[in-house]
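J.: Take this structure, written in structure tokens, and hold onto it; I'll ask about it next.
Just so it is clear, none of the values below were taken in a lab; they were calculated from the coordinates. All values derive from a computational prediction rather than experimental measurement. Neighbour counts run over all protein chains shown; Cβ positions are idealised from the backbone, glycine included.
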Amino acid sequence: MSDVWVLLEHSDGTTTKVAHQLLTGARAIAAETGGQVVALFIGKGWATAKERIAKFGAAKALVAESDEIGGYVASPQVEITARLIAEKQPWGVLFASVPTGKEVATRVAARNGLGVLADAVNVTVQDGKPVCEYSAFGGSTLVKKTLKQGPYLICVKPNSFVAEESPAEVAEETVDASISEDSKRVVLKERVEKEAGGRPAVESAAIIISGGRGLGEPANFSVIEGLADQLGAAVGASRAAVDAGWYPHSNQVGQTGKTVSPQLYIAVGISGAIQHRAGMQTSKTIVAINKDAEAPIFQMVDFGVVGDLFDVVPKLTEEISKRKGGA
Amino acid sequence: MPLNIAVCVKRVPDTAAEKKLDESDKTLDRESVESILNPVDEMAVEEALKLKEANEGEVTIISMGPEAAQAQAIRKALSMGADKAVHLKDDILHGSDAQAVAYALSQVVKKGEYDLVLCGAESTDARTSLVPPALAENLNLPNLNFVKNVEVSDSSVTAHRETDKGHDIVECQRPAVIGVVWGANEPRYPSFKGIMAAKNKPVETLTADDAEIDSSKVGFAGAKSEVLEFGARPAERKKIIVDNSNGDAHVKLADFLQEQKFI
Ligand SMILES: Cc1cc2nc3c(=O)[nH]c(=O)nc-3n(C[C@H](O)[C@H](O)[C@H](O)COP(=O)(O)OP(=O)(O)OC[C@H]3O[C@@H](n4cnc5c(N)ncnc54)[C@H](O)[C@@H]3O)c2cc1C
Ligand SMILES: Nc1ncnc2c1ncn2[C@@H]1O[C@H](COP(=O)(O)O)[C@@H](O)[C@H]1O
């Protein structure tokens, strides 16, 4: 088969940006495989999801709607996805390369005896097979991999594709949403949410402003938060800043934090150690602000400012605010 | 109630050291670099030791890899306080991908009777985080992944699973496979006594045959993915550097961001 499926990431039908990016990427892939883009919806809130994804060109949707599924972790998605793949044999399935997406993909692979590739930053097609690009060894190496046999299971990192609208009529097919007792083994007891900071999450944000030890003290994170809010960006942090207790680990970028590839990454007061670069080197555009012209981060920037962040960042924030107002 | 805990650990190249790919087979040339116990696995070991201290029981380290895996990763885990280890070592395992590693580890786990199988949620080298869920799948066990605060009660285990916005409290029955997230705890440093004691702790070495591993499912033969090419990432960065000595760098940066349509 030649269809390209996308497992939709959503919360009660509110599909995420990553889901829209994957649908967009799937269109280019499907153009090569000669198939259709098929959205795979599992959970509740299909009506909401349908409206949202129609904008991003899904020709078809497989809909496993059920209220029960949300009470369990990952396994229902695994069971339903594995069952549908076995039955319909698509060309492949794209998953968001985030913890849940990868967990579902790898378990589907193990269950159906398929291969899986994680952390792809781009996917193209050659001779009908996927070519997945990803970065290795702290981002210094570009690796291209393929899977020997389909259906191909591929986890694609957020922001690898840029979401583009292309409205389509979604043909929907209702599929079996029942799950076995085995899929009910991991129960979601309680969801604990910190008060929403109003900023996007680091793992999927299109723009990230990260702060490091150069900020000097925790209160100074407000300097980069101000810039982040002007740009609608997430706030990240280096490990030095996290270890010092200035910012939560959930925002840490790097080898032992999140690996991100936003459209724009601005490193402020971060030296650019290899373990930090490992987490952000695939960013589309990289900007650094650092007072040390010799800082390793400058070796990998598109735009670098050698200067004191306490001078540059507030002025930049104001400048952006002015330009936005004047535009 | 005593807990029988297995912890899967792997050795990874020290990221501070330089890495090389083996040109002949496009795998990481692991002999060329310094290796350490995967840092997240130290946290899995710590979590296991804490569970043992609170509940009694035994902690068994399981590691798959060449000889040096034993010297580095297993020894470190034993010197932290684990009781014994099983080392799966066989040339036919070389080249295994994540699915194959998970399958091979599952065969080793099946030889014991474990209440919990702990893993690091992701390794610092492969970073795929594919192994723990695939291991759970091979064992047909429930999986709590990317978690910390692991607690056991009579027959169940609960933990906090990291989410974008906070955490989910998740629960399942034992036995279960648990992927411990980075930052779950502060791993203890091996004491001198621990390091000495580790030298006498039992390490059982298994071949693929011993673990009843189907050789067609592992190594290069079993790999479902293949490397097409690898190379240095072309430096495609613009590398525009401006100095703020005039105090106007923010204007130039704003121009740049506007050109790139970020403003
Ligand atoms: C196993 C392992 C895993 C690791 N994982 C991670 C990880 O996930 N993420 C991570 O980030 N690190 C990680 N590290 C740590 C990493 O090696 C570095 O120590 C860390 O990234 C340094 O953080 P930093 O750049 O904020 O601090 P520093 O290296 O101290 O850099 C601070 C920078 O701020 C600049 N500066 C200071 N004041 C100003 C000012 N007023 N204006 C402008 N610039 C200023 C300085 O010139 C300097 O370049 C890991 C290390 C190990 C060993
Ligand atoms: N060769 C191995 N031997 C033992 N455990 C492993 C091995 N490979 C992976 N693991 C476990 O799986 C976790 C995740 O690794 P990975 O999926 O490679 O990111 C590691 O932290 C280990 O706990």
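J.: Just to be sure I understand: with springs between alpha-carbon atoms less than 10 Å apart, which residue in B:Arg237, B:Arg11, B:Arg174 has the highest mean-square fluctuation in the Gaussian network model of chain B?
T.: Answer for the Gaussian network model of chain B: B:Arg237.
J.: Which one of A:Tyr72, A:Tyr134, A:Tyr265 has the biggest mean-square fluctuation once chain A is modelled by GNM with Cα springs under 10 Å?
T.: In the Gaussian network model the winner is A:Tyr72.
J.: Is it possible to state the helix-based mean residue ellipticity at 222 nm for chain B, with each DSSP H run of 4+ residues giving -39500 (n - 2.57), the sum divided by total residues, to the nearest 500 deg cm²/dmol? What is it?
T.: Numbers: 7 runs with 66 residues, N = 263.
Helix-only estimate at 222 nm: -7000 deg cm²/dmol.
J.: Run the quick spin-label model on A:Lys291 and A:Val131: label points 7 Å from Cα toward the beta carbon, then report their separation in nm to one decimal.
T.: Distance between label points: 4.7 nm.
J.: Can you give the log10 of the normalised intensity I(q)/I(0) at q = 0.11 Å⁻¹, computed with Debye over equal Cα scatterers of chain B?
T.: Per q value, in the given order, log10 I(q)/I(0) is -0.66.
J.: Ok, one more. Pull up all non-local amide H partners of B:Trp182: gap of 5 or more, or a different chain, and H-to-H distance under 5 Å with H placed in the peptide plane.
T.: B:Ala121
J.: Another question, then. From the C-alpha gyration tensor of the protein assembly as shown, pull out the three semi-axes of the equivalent ellipsoid (sqrt of 5λ each), sorted largest to smallest, in whole Å. Intermediate values should be presented prior to the final figure.
T.: Working: eigenvalues 269, 186, 109 Å².
Gyration-tensor ellipsoid for the protein assembly as shown: 37, 31, 23 Å.
J.: Report the relative contact order of chain A, percent, no decimals, based on alpha-carbon pairs under 8 angstrom and at least 6 residues apart.
T.: On the way: 733 pairs, mean separation 49.1, N = 327.
With pairs under 8 Å counted, the relative contact order is 15 percent.
J.: Let me ask something else. Through the Karplus equation 6.51 cos²θ - 1.76 cosθ + 1.60, θ set to phi - 60°, convert the phi angles of the stretch A:103-114 into ³J(HN,Hα) values in whole Hz; use x for Gly and Pro.
T.: Listing the rounded values in order: 5, 5, 4, 5, 6, 4, 4, 4, 5, 9, x, 10 Hz.
J.: Taking only the alpha-carbon atoms of chain A, what semi-axes of the equivalent ellipsoid follow from 5 times the gyration tensor eigenvalues under a square root, in whole Å, largest first?
T.: 37, 21, 19
J.: Can I ask one more? Enter the Cα centre distance for the pair the stretch A:286-310 and the stretch B:38-93, rounded to the nearest angstrom.
T.: 41
J.: Given the alpha-carbon gyration tensor of the stretch A:86-240, what are the semi-axes of its equivalent ellipsoid in whole angstrom, ordered largest first, with each equal to the square root of 5 times an eigenvalue? Walk me through the intermediate numbers first.
T.: Working: eigenvalues 235, 99, 60 Å².
Semi-axes, largest first: 34, 22, 17 Å.
J.: Looking at the P(r) of the stretch A:245-327, how many percent of alpha-carbon pairs lie beyond 18 Å? All intermediate terms of the calculation are to be shown ahead of the outcome.
T.: Working: 1626 of 3403 pairs.
Summing the P(r) tail past 18 Å for the stretch A:245-327 gives 48 percent.
J.: Sort out for me the Cα centre separation of the stretch A:1-74 from the stretch A:174-192, rounded to whole Å.
T.: The distance from the Cα centre of the stretch A:1-74 to that of the stretch A:174-192 comes to 19 Å.
J.: Let me ask another. If R₀ is 45 angstrom, what is the calculated FRET efficiency for the pair B:Glu56 and A:Glu172, using the beta carbon separation as r and rounding to 0.05? Show your work: numbers first, answer last.
T.: Numbers: r = 55 Å, r/R0 = 1.21.
Efficiency, rounded to the nearest 0.05: 0.25.
J.: Under unit Cβ charges (Lys, Arg +1; Asp, Glu -1), what dipole magnitude, rounded to 20 debye, does chain B have relative to its Cα centre? Walk me through the intermediate numbers first.
T.: Details: 31 positive and 44 negative charges, 84 e Å.
Dipole about the Cα centre, nearest 20: 400 debye.
J.: Okay, moving on. Around B:Ile62, which amide H atoms from residues at least 5 apart in sequence, or from another chain, sit under 5 Å from its own amide H, with H modelled in the peptide plane?
T.: Close amide H contacts, sequence-distant or interchain: B:Val7, B:Cys8, B:Val9, B:Val86.
J.: With just the Cα atoms defining each centre, how far is the stretch A:208-268 from the stretch B:105-163? Give it in Å.
T.: Going from one Cα centre to the other spans 30 Å.
J.: So what is the relative contact order for chain B, in percent, with contacts set as C-alpha pairs under 8 Å and at least six apart?
T.: On the way: 510 pairs, mean separation 59.0, N = 263.
Relative contact order here is 22 percent.
J.: Sticking with this structure for a sec: Which shape class applies to the stretch B:64-152: rounded if a/c is under 1.5, otherwise prolate when a/b exceeds b/c and oblate if not, where a ≥ b ≥ c are the square roots of the Cα gyration tensor eigenvalues? Display every interim value, and only then the final one.
T.: On the way: a/c = 1.39, a/b = 1.13, b/c = 1.23.
Rounded shape, in that the Cα axes give a/c under 1.5.
J.: Kirkwood Rh, Cα Rg: Rg to Rh for the stretch B:114-263? Intermediate values should be presented prior to the final figure.
T.: Details: Rg = 24.1 Å, Rh = 20.9 Å.
A ratio of 1.15.
J.: Next up: Collect residues whose amide H, placed 1.01 Å from N in the peptide plane, falls under 5 Å from the amide H of B:Leu206; neighbours closer than 5 in sequence don't count.
T.: Hits under the 5 Å cutoff: B:His87, B:Leu88, B:Lys89.
J.: Sorted by mean Cβ packing within 10 Å, highest first, what order do the peptides A:291-297, B:157-163 take? Don't skip to the end; give the middle numbers.
T.: On the way: A:291-297: 15.4, B:157-163: 21.4.
Output ranking for A:291-297, B:157-163: B:157-163, A:291-297.
J.: Report the relative contact order of the stretch A:16-155, percent, no decimals, based on alpha-carbon pairs under 8 angstrom and at least 6 residues apart. Write down the numbers at each step before the final one.
T.: Numbers: 202 pairs, mean separation 30.7, N = 140.
After rounding, I find 22 percent.
J.: What are the radius of gyration and Dmax of the stretch A:23-157, computed over its Cα atoms and given in Å?
T.: Both quantities, over Cα of the stretch A:23-157: 14.9, 45 Å.
J.: Nearest 10 degrees is fine. How inclined is helix B:249-259 to the longest principal axis of chain B, computing both from alpha carbons?
T.: 80
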